[in-house]
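Trainee: What follows is a single structure, and I will ask about it in a moment.
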Amino acid sequence: MTEPHNDTADIAWLRTLAAENARTPYRGGSVMVSAGLIYGAGSLLQWASLTGLVSRDLTGNGVQWLVATVLFLATLPILIWRMRRTAGVTTTANRVVSTVWGCVGWSIFVLFACMAIKDARMGDGVDIGALWLVPSIIMVFYALGWAVTASLYGNGRLWWLSLGSFVAAAALAALTGDASLYLGYAAALFLLMALPGYLLMRVAKRG
């Protein structure tokens with residue numbers, strides 16, 4: 001004979017789980033800081049090259065983005081190891097948010113790998129028009145990541161980061177064809193990725 005199903009207990013358990021997820025800080029802030037600073041620096045270099053502040057040889061064929069990606073991927077295992085070493089209880093929210101941001105990163109990587117494959121197959125060189133939209137596309141992915149993070153942690157302030165990322169995507173698209181696009185992109189990476197990541201790191205240390 002089975003015991004009767006207790007809906008009240010289930011609801012109480014779900015409320016406890018939700019409260020636990022809201023209280024437990026996200027510990028992936030260091031990855032956000034790394035991505036924001038590395039790619040933000042790459043964007044500043046691109047802007048400096050387009051405005052003649054540095055030699056264009058430094059950014060020929062977008063080599064700084066390849067260097068930035070290699071540097072980020074080299075630091076990522078170290079950051080993950082440190083997070084696992086200092087991690088406390090891993091909540092459902094932490095697991096889901098980590099998965100979402102991981103998918104955001106890999107989606108961006110695969111998307112632009114596909115663009116490179118297309119250019120190679122078509123044999124018509126690099127699609128300059130598409131390249132100008134790269135910052136906007138990335139900011140849309142970030143808006144998605146922040147929206148999921150805000151929802152799972154029940155943090156209204158994180159919703160502003162999602163909204164800010166959407167606004168930044170549109171603003172950057174409006175700068176298409178102008179070198180200032182990359183200056184704005186660097187600012188967006190610093191303010192909407194590196195800075196929030198640093199603040200999340202501080203919260204995680206206190207938690």
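Trainee: Find how many whole Å separate the alpha carbon centroid of region 147-171 from the alpha carbon centroid of region 63-82.
Mentor: One Cα centre to the other: 25 Å.
Trainee: In whole percent, what relative contact order does region 26-206 give with Cα contacts below 8 Å and a gap of six or more residues?
Mentor: 42 percent
Trainee: Which FRET efficiency, nearest 0.05, do LEU71 and THR51 yield, Cβ-Cβ r, R0 35 Å?
Mentor: Efficiency computed from Cβ-Cβ geometry: 0.90.
Trainee: Would you mind computing the Rg to Rh ratio of region 99-207 from its alpha-carbon coordinates, Kirkwood style for Rh?
Mentor: Looking at region 99-207, the ratio lands at 1.04.
Trainee: Of the listed peptides 186-194, 63-71, what is their order by residue-averaged count of other C-beta atoms within 10 Å, with the highest listed first?
Mentor: For the peptides 186-194, 63-71, the packing ranking is 186-194, 63-71.
Trainee: Continuing with the same structure: Mind checking the full-extension length gain between LEU199 and ALA174? Use 0.36 nm per residue of separation minus the Cα-Cα distance, one decimal, nm.
Mentor: 6.0 nm
Trainee: Going by average Cβ density within 10 Å per residue, which order do the peptides 134-144, 111-121 take, highest to lowest?
Mentor: Highest-to-lowest ranking by the protection proxy: 134-144, 111-121.
Trainee: Additional query: If R0 is 22 Å, what FRET efficiency do you get for ALA113 and ILE80 from their C-beta distance, rounded to 0.05?
Mentor: The pair ALA113/ILE80 has a calculated efficiency of 0.50.
Trainee: Using the Kirkwood formula on the Cα atoms of region 26-206, what hydrodynamic radius do you get, in angstrom to one decimal?
Mentor: One decimal place: 17.1 Å for the Kirkwood radius.
Trainee: I want the local charge near LEU195. Using Cβ-Cβ distances under 13 Å, sum +1 for each Lys or Arg and -1 for each Asp or Glu among the other residues.
Mentor: Around LEU195, the surrounding residues sum to +2.
Trainee: If you count, for each residue, the other Cβ atoms within 10 Å and average over each peptide, how do 172-180, 101-109 line up from highest to lowest?
Mentor: My ranking of the peptides, most packed first, is 101-109, 172-180.
Trainee: Mind giving me the FRET efficiency for LEU191 and THR92? R0 is 25 Å, r the Cβ-Cβ distance, nearest 0.05 is fine.
Mentor: After rounding to 0.05, the efficiency reads 0.30.
Each reported figure results from applying straightforward, stated rules to the coordinates on display, with no laboratory input. In this text the structure is predicted, and so the values were computed from the model without any measurement. Note that we place each Cβ from the backbone using ideal geometry, even for glycine, and neighbour counts take in every protein chain shown.
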